[in-house]
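Asks: Mind having a look at this structure? Questions to follow.
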Amino acid sequence: MTTSTLRRRSVRKAPVLAAAALLTTAMVPVTSGAAFGGAESDLPAAGTEVEPRQPSEYEAAFLEQYEKIKDPASGYFREFDGLLVPYHSVETLLVEAPDHGHQTTSEAFSYYLWLEATYGRVTGDWEPFNAAWESLERFAIPGTEDQPTNSSYDPGSPATYAAEHPSPTQYPALLRPDVPVGEDPLASELSATYGTDEIYGMHWLLDVDNVYGYGFCGDGTDDAPAFINTYQRGSGESVWETVPHPSCETFEFGGENGFLDLFTDDQSYSPQWRYTNAPDADARAVQVAYMAQTWAEEQGQAGAVADTVADAAKLGDYLRYSMYDKYFKRIGDCTSETGCPGAQGKDSAHYLLSWYYSWGGALADAQYPWAFRIGSSASHQGYQNVLAAWALSEVDELIPESPTAQQDWATSLDRQLEFLRWLQSADGGIAGGATNSWQGDYSDPGADHPTFYGMAYDWQPVWNDPPSNNWFGFQVWDMERVAQYHHITGDERAGEILDNWIPWAIEHTTVGTGGDFGVPSNLSWSGEPDTWDAANPGDNASLRVTVVDQSQDVGVAAGLAKTLLYYAAATGDSAALETGEGLLDALLANQTELGIATEETREDYSRFEETGDQQLYIPEGWTGTMPNGDVIDSNSTFGSIRSFYQDDPDWPQVQAYLDGGPAPTFTYHRFWAQTDIATAFATHAELFG
């Protein structure tokens with residue numbers, strides 16, 4: 001089926017419940033077992049009055065999980081002036097992508113939106129959904145005072161080039177004005193459309209409790225939430241090797257030049273602000289806005305979400321920055337820093353959702369104001385969102401206002417589907433991704449290296465510690481969106497990908513009794529895909545994936561369940577339905593006071609005080625301080641510049657491990673995972689209730 005034939009289609013959903021009727025109904029017991037369901041012929045005729053029904057088993061499970069998440073005593077949120085900001089996790093001692101549990105991410109905001117959109121579908125109450133967007137807009141999208149010098153941005157000279165390097169020890173990276181960069185084709189269009197030079201996109205990381213103490217714009221006050229950043233030093237920089245710093249660089253903390261000279265090598269440094277967008281989170285927000293629009297429209301309440309949906313379309317307009325090479329260079333065969341030219345127009349667009357886009361500039365009082373913008377050359381399969389691309393190109397309420405946005409997203413939809421087909425292994429799993437800048441400096445990967453529209457295959461795009469595509473969760477996040485898109489549109493291209501992925505995922509998933517389950521965890525990759533030929537796609541016979549082990553990751557299990565349920569609803573596949581329901585029932589058997597969770601052992605916490613080759617790298621002779629006085633120098637470790645962790649109630653377990661004891665075990669309640677669980681229950685009720 002071609003894209004031009006795809007239009008919005010009505011999908012049969014469970015009858016909408018009135019909010020008052022549902023919330024005053026006694027909740028049915030939550031037990032494991034088959035779902036409640038009814039044939040379409042069992043539904044009452046149009047106009048027939050019916051008594052409010054009991055929620056189905058899984059719908060009741062959604063409401064119970066929702067109440068746990070929203071209960072202030074649970075600790076998932078912090079309130080600011082009547083608005084809620086989700087924490088990354090209830091627990092504070094947690095190091096993964098964020099380096100503290102009470103930070104938050106744009107990812108968490110997008111899941112908060114999803115939680116409330118689902119609540120609106122179940123209850124008919126859309127106020128919490130709109131409040132979630134208000135929080136997202138106020139706290140995650142930098143305001144005017146946070147990005148003050150955008151009017152000084154020159155689209156003809158978007159940024160000065162600096163190569164990326166594979167190891168933090170190779171930083172700071174030299175800024176090189178001699179390397180050509182391209183022109184930014186979006187800036188003028190966006191400014192003309194919205195009457196502002198500001199960027200409407202989420203920054204990816206916030207310190208909700210201001211634990212680090214950077215405050216507003218690095219001023220050291222107790223202002224919260226505070227924009228911060230961590231990753232800055234190439235593909236080899238794990239979270240254990242990051243130096244947390246404020247998004248506004250005022251030189252008040254760090255060294256003589258703040259933190260800038262840890263990252264870039266320049267002749268002089270100026271105070272500045274800069275933000276980084278995680279495109280998968282903004283795309284998820286658009287995806288959820290589409291769901292809310294559809295559900296509210298079915299309820300006759302489209303007007304209740306209209307303003308929020310319009311804002312989501314605007315977010316999608318700016319999200320196009322993620323479609324561009326980092327320095328707006330030509331896409332394809334870009335194999336030399338100086339030899340690869342800067343592009344004009346949209347010749348620098350790969351039309352995929354890349355790993356980030358970023359923007360920044362001088363502080364408001366700068367004598368010589370300036371600003372920059374960059375895209376990203378590397379795209380990971382786990383960030384693609386075909387449903388968001390489809391909604392932004394096909395759904396009237398979500399088509400952005402900019403003149404070229406609809407066509408850009410239509411092109412992106414086709415390109416993303418090709419990308420996933422190109423990356424699909426002979427086993428079914430989806431391999432890593434591609435980059436337009438091999439090794440981060442536009443090196444030549446070699447004539448025999450497989451390519452996608454001239455971009456080089458990369459089995460571990462963006463970061464290598466640990467390899468970025470070894471986590472099965474990225475498979476689920478992407479394929480869930482593909483399955484939902486396929487369920488809505490029937491696009492055969494998506495169906496072909498799922499037909500090969502679903503059996504592979506089921507084969508490596510186990511569901512036992514008493515809450516026992518296992519989902520794929522770590523993956524191992526070998527071989528390469530065939531160079532992409534849209535007219536004659538290869539079979540990728542040499543590209544293989546092995547499931548190394550399983551885990552009881554509740555968030556991944558919930559996402560996998562949703563993927564299987566969407567596929568089952570679209571195809572009638574009984575194995576997908578059975579496995580999806582089995583995972584839901586296993587999750588129900590792992591309830592805690594705060595949600596649904598399992599224990600996990602953290603051997604990697606040895607890196608709190610790691611020394612040697614993987615130690616936190618600070619150049620010899622560089623010295624500085626954190627806001628709390630922690631010294632930063634070449635002897636620093638991850639833990640030494642985060643001494644606040646020693647006051648955490650869970651620290652004694654880590655200290656005992658560092659002293660030679662067993663690895664600590666924790667039961668974490670991550671916001672995204674708990675929301676994925678809640679929405680998985682509701683998805684079953686929507687599709688089969």
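The values are calculated or read from the model by the stated rules, or taken from the named source; none is laboratory data. These figures come from a predicted structure and were not determined experimentally. Heads up, the Cβs are rebuilt from the backbone with ideal geometry, glycines too, and the neighbour counts pull from every protein chain shown. Surface accessibility is based on the protein's heavy atoms, side chains included, excluding ligands, DNA and RNA. Shrake-Rupley method; radii C 1.70, N 1.55, O 1.52, S 1.80 Å.
Asks: Could you pull out the residue among V511, V545 that is open to solvent by less than 40 Å² (accessible area, probe 1.4 Å) and at pLDDT 95 or above?
Replies: None of the other options fit; the residue is V545.
Asks: Could you identify the single residue in E401, E418 that is part of a loop (DSSP other than H, G, I, E, B) and either touching a strand residue (DSSP E or B) at 6+ places or on another chain (Cβ under 6 Å) or at pLDDT 95 or above (or both)? Walk me through how you get there before you give the answer.
Replies: Working: E418 fails: part of a loop (DSSP other than H, G, I, E, B).
Unique residue meeting the criteria: E401.
Asks: How many residues, within the stretch 36-74, are modelled with pLDDT of 95 or more and open to solvent by 20 Å² or more (accessible area, probe 1.4 Å)? Give the derivation first.
Replies: Within the stretch 36-74, the first condition is being modelled with pLDDT of 95 or more, and the residues that meet it are 58-74.
Cutting the leftovers down to open to solvent by 20 Å² or more (accessible area, probe 1.4 Å) gives us 64, 67-68, 70-73.
Summing the residues that are modelled with pLDDT of 95 or more and open to solvent by 20 Å² or more (accessible area, probe 1.4 Å) in the stretch 36-74 gives 7.
Asks: Which residue is farthest from P649 (Cα to Cα), if the candidates are limited to the stretch 88-123 and must be of a type in the set (D, E, K, R) and open to solvent by less than 10 Å² (accessible area, probe 1.4 Å)?
Replies: Filtering first and then ranking leaves E116.
Asks: Could you list all residues from the stretch 614-655 that are of a type outside the set (S, T, Y), more than 24 Å from S235 (Cα to Cα) and open to solvent by less than 30 Å² (accessible area, probe 1.4 Å)?
Replies: G624, M626, D630, D648, W651, V654
Asks: Next up: Could you look through the stretch 471-496, keep only residues that are more than 15 Å from the chain's Cα centre (by Cα) and open to solvent by 30 Å² or more (accessible area, probe 1.4 Å), and pick out the one that is farthest from Y290 (Cα to Cα)? Lay out the reasoning, then the answer.
Replies: Residues of the stretch 471-496 more than 15 Å from the chain's Cα centre (by Cα): 482-496.
Add one more test, that the residue is open to solvent by 30 Å² or more (accessible area, probe 1.4 Å), and what stays is 487, 492-493, 496.
Working: H487: 14, E492: 21, R493: 21, E496: 24 Å.
Looking at residues that are more than 15 Å from the chain's Cα centre (by Cα) and open to solvent by 30 Å² or more (accessible area, probe 1.4 Å), I get E496.
Asks: Counting only residues that are charged (D, E, K, R) and either open to solvent by less than 40 Å² (accessible area, probe 1.4 Å) or within 27 Å of Y161 (Cβ to Cβ) (or both), which one in the stretch 364-417 is farthest from the chain's Cα centre (by Cα)?
Replies: Step one: filter the stretch 364-417 for residues charged (D, E, K, R), giving 365, 373, 394, 396-397, 401, 408, 414-415.
With either open to solvent by less than 40 Å² (accessible area, probe 1.4 Å) or within 27 Å of Y161 (Cβ to Cβ) (or both) added as a condition, the list becomes 373, 394, 408, 415.
Working: R373: 20, E394: 23, D408: 21, R415: 19 Å.
If we take residues in the stretch 364-417 being charged (D, E, K, R) and either open to solvent by less than 40 Å² (accessible area, probe 1.4 Å) or within 27 Å of Y161 (Cβ to Cβ) (or both), then E394 is farthest from the chain's Cα centre (by Cα).
Asks: Looking at the stretch 328-383 only, could you name the residues that are in a loop (DSSP other than H, G, I, E, B) and among the hydrophobic types (A, V, I, L, M, F, W, C)?
Replies: Scanning the stretch 328-383 gives F328, I331, C334, C340, A343, L352, L353, W355, L363, A364, A366, W370.
Asks: Restricting attention to the stretch 645-656, does a residue exist that is touching a helix residue (DSSP H, G or I) at 6+ places or on another chain (Cβ under 7 Å) and outside any helix (DSSP H, G or I)?
Replies: Within the stretch 645-656, the subset touching a helix residue (DSSP H, G or I) at 6+ places or on another chain (Cβ under 7 Å) is 645, 651, 654.
Checking which are outside any helix (DSSP H, G or I) leaves us with none.
No; the residues of the stretch 645-656 include none that is touching a helix residue (DSSP H, G or I) at 6+ places or on another chain (Cβ under 7 Å) and outside any helix (DSSP H, G or I).
Asks: Scan (1) open to solvent by less than 10 Å² (accessible area, probe 1.4 Å); (2) under 18 Å from W525 (Cβ atoms); (3) touching a helix residue (DSSP H, G or I) at 6+ places or on another chain (Cβ under 7 Å) for the single condition D427 breaks and write down its number.
Replies: Unmet for D427, out of (1) open to solvent by less than 10 Å² (accessible area, probe 1.4 Å); (2) under 18 Å from W525 (Cβ atoms); (3) touching a helix residue (DSSP H, G or I) at 6+ places or on another chain (Cβ under 7 Å): (1).
Asks: Among residues belonging to the stretch 322-350 that are of a type in the set (F, W, Y) and either open to solvent by 30 Å² or more (accessible area, probe 1.4 Å) or under 16 Å from T404 (Cβ atoms) (or both), point out the one that is nearest to the chain's Cα centre (by Cα).
Replies: For the stretch 322-350, the residue satisfying everything is Y324.
Asks: Can you name the residue in the stretch 250-280 that is farther than 23 Å from S167 by Cβ and outside any loop (DSSP other than H, G, I, E, B) and, of all such residues, is most open to solvent (accessible area, probe 1.4 Å)?
Replies: Among them, the one singled out is Q272.
Each row is one residue, and each column tells you yes or no for (1) in contact with a helix residue (DSSP H, G or I) (Cβ under 7 Å, 6 or more places away or on another chain); (2) open to solvent by 10 Å² or more (accessible area, probe 1.4 Å); (3) closer than 18 Å to R373 by Cα.
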site	(1), (2), (3)
P177	no, yes, yes
P180	no, yes, yes
S188	no, yes, yes
V208	no, no, no
G213	no, yes, no
G218	no, no, no
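Asks: I'd like the residue in the stretch 225-249 that is within 17 Å of M626 (Cβ to Cβ) and part of a loop (DSSP other than H, G, I, E, B) and, out of all such residues, is farthest from the chain's Cα centre (by Cα).
Replies: So the first thing to find is which residues in the stretch 225-249 are within 17 Å of M626 (Cβ to Cβ), and the list is 226-230, 232, 239-249.
Then drop every residue that is not part of a loop (DSSP other than H, G, I, E, B), which leaves 230, 232, 242-244, 247.
On the way: T230: 16, Q232: 18, T242: 19, V243: 21, P244: 20, S247: 19 Å.
If we take residues in the stretch 225-249 being within 17 Å of M626 (Cβ to Cβ) and part of a loop (DSSP other than H, G, I, E, B), then V243 is farthest from the chain's Cα centre (by Cα).
Asks: Pick out the one residue from M291, M202 that is assigned to a loop (DSSP other than H, G, I, E, B) and either within 25 Å of the chain's Cα centre (by Cα) or at positive phi (or both). Can you show your working first?
Replies: Details: M291 fails: assigned to a loop (DSSP other than H, G, I, E, B).
None of the other options fit; the residue is M202.
Asks: Just to check your reading of the model, which residue among W501, W525 is more than 25 Å from F681 (Cα to Cα), of a type in the set (F, W, Y) and buried (at least 17 other Cβ atoms within 10 Å of the Cβ)?
Replies: Testing whether each residue is more than 25 Å from F681 (Cα to Cα), of a type in the set (F, W, Y) and buried (at least 17 other Cβ atoms within 10 Å of the Cβ) leaves just W525.
Asks: Given the options L616, L587, name the one that is modelled with pLDDT of 95 or more and within 28 Å of L113 (Cβ to Cβ).
Replies: L587
Asks: Let me ask something else about it. So M626 ticks every box in (1) more than 30 Å from Q170 (Cα to Cα); (2) over 27 Å from the mean Cα position of the chain (by Cα) but one. Which box is left unticked?
Replies: Checking M626 against (1) more than 30 Å from Q170 (Cα to Cα); (2) over 27 Å from the mean Cα position of the chain (by Cα), the one that fails is (1).
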